[in-house]
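Visitor: Could you have a look at this structure, given as structure tokens, before my questions?
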Amino acid sequence: MTDSVSKLLTGTTGGLGAHLLSQLTLLPSKITKVVCLVRGATSKAAKERVLKSLQSRNLSQGSNVAVEVHQAKLGESHLGLSQGVYHNLLDEVDYIIHVSFASFVSQT
Ligand SMILES: NC(=O)c1ccc[n+]([C@@H]2O[C@H](COP(=O)([O-])OP(=O)(O)OC[C@H]3O[C@@H](n4cnc5c(N)ncnc54)[C@H](OP(=O)(O)O)[C@@H]3O)[C@@H](O)[C@H]2O)c1
């Protein structure tokens, strides 16, 4: 059994999620990875949206915790992820912190 903890976080482009991402990666803990599920036109765009979200709030991200951003659509089958990514996450994620506020406004 490993001591490391992996968390999945939604809502990181919003206020609460951005603060959580910053705190989860900066504060000393057993967390080794935070996986963010983010809306975006592409995977690159999703990653940029997370960075922008942190920067716009003058928040930083710790370097000791791996942050993985996946372009996702929470309302879709497998959260809009490929089957492979989805099943990897089922295996590796220990906790889910779901703070996205489901406004259902379309995002392209
Ligand atoms: N902020 C607080 O102090 C606070 C305190 C207590 C409770 N809450 C609750 O926590 C939740 C989040 O609050 P917040 O202030 O962080 O809100 P926010 O700044 O408006 O952020 C909303 C987040 O939800 C995501 N989202 C919205 N619709 C989505 C959808 N259909 N699919 C996937 N993601 C979607 C947004 O992603 P996009 O950028 O892609 O739209 C964004 O990341 C709310 O339910 C709020 O009531 C907040």
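Visitor: Kindly provide the set of residues from the range 75-108 that are loosely packed, with under 15 Cβ neighbours inside 10 Å, at pLDDT below 95 and either within 10 Å of the ligand (Cβ to nearest atom) or basic (Lys, Arg) (or both), ordered by number.
Guide: Residues satisfying the conditions are 75, 101, 102, 103, 104, 105, 106, 107.
Visitor: What is the one condition in (1) within 10 Å of the ligand (Cβ to nearest atom); (2) without any contact (Cβ under 8 Å) to a residue 60 or more places away in the chain; (3) of a type outside the set (S, T, N, Q); (4) under 25 Å from residue 82 (Cα atoms) that residue 11 does not satisfy?
Guide: Single failed check for residue 11: (2).
Visitor: Do we have residue 51 as in contact (Cβ under 8 Å) with a residue 24 or more places away in the chain and either within 17 Å of residue 100 (Cα to Cα) or surrounded by 14 or more Cβ atoms within 10 Å (Cβ to Cβ) (or both) here?
Guide: no
Visitor: If a residue must be farther than 17 Å from residue 99 by Cα and either within 14 Å of the ligand (Cβ to nearest atom) or of a type outside the set (Gly, Ala, Ser) (or both), how many such residues does the range 14-39 contain?
Guide: Just the residues of the range 14-39 that are farther than 17 Å from residue 99 by Cα, to begin with: 26-33.
From what's left, either within 14 Å of the ligand (Cβ to nearest atom) or of a type outside the set (Gly, Ala, Ser) (or both): 26-28, 30-33.
Residues in the range 14-39 being farther than 17 Å from residue 99 by Cα and either within 14 Å of the ligand (Cβ to nearest atom) or of a type outside the set (Gly, Ala, Ser) (or both): 7 in total.
The values are calculated or read from the model by the stated rules, or taken from the named source; none is laboratory data. This one's a predicted model, so the numbers in the text were calculated from it and none came from an experiment. Note that each Cβ is placed from the backbone with ideal geometry, even for glycine, and that neighbours are counted across all protein chains shown.
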